[in-house]
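See below for the structure under consideration.
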Amino acid sequence: MNWLKRIRPAGPAADNTERSNAVPEGLWKKCPKCASPLYRPELERNLDVCPKCEHHMRIGARRRLDIFLDRSWPH
């Protein structure tokens, strides 16, 4: 338990200082080269390439296969 919470009584003032995180986790990604925040759905549409500095992000094997293989081919 935090020592400050033991000293300060819990009440309405304590509830106003703590905010809930309304932004879902993993929605934004930071470019390792130019440090600009990137919206993840836009980054995926751009094939994991930063639109500002054209840095190619690392991607996994599954993502690379999804990009490489044509899903519209009839079986």
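Any read-out appearing in this document is the output of simple, stated calculations on the displayed coordinates, not a laboratory observation. Here the structure is a predicted model, which means the values were calculated and not measured. Positions of Cβ are generated from backbone atoms using ideal geometry, with glycine treated the same way; all protein chains shown enter the neighbour counts.
Brief remarks follow.
- Derived scalar couplings ³J(HN,Hα) [the range 48-58; Karplus, 6.51 cos²θ - 1.76 cosθ + 1.60; whole Hz; x for Gly, Pro]: 6, 10, 5, x, 8, 10, 6, 7, 8, 6, 6
- Near the amide H of Leu38, within less than 5 Å, lie the amide hydrogens of Lys29, Lys30, Cys31, all on another chain or at least 5 residues away, with H placed in the peptide plane.
- R0 of 30 Å, Cβ-Cβ distance Ser36-Asn2: FRET efficiency to nearest 0.05: 0.30
- Calculated log₁₀ intensity ratio I(q)/I(0) where the Debye formula runs over C-alpha points of the range 25-70, q = 0.17, 0.18, 0.19 Å⁻¹: -0.47, -0.53, -0.58
- Each residue in Arg8, Arg62 was given a count of other beta-carbon atoms within 10 angstrom of its own, and listing them fewest first yields Arg62, Arg8.
- Inter-label distance for Asn46 and Leu69, nm, one decimal - labels placed 7 Å from Cα along Cα-to-Cβ: 2.7 nm
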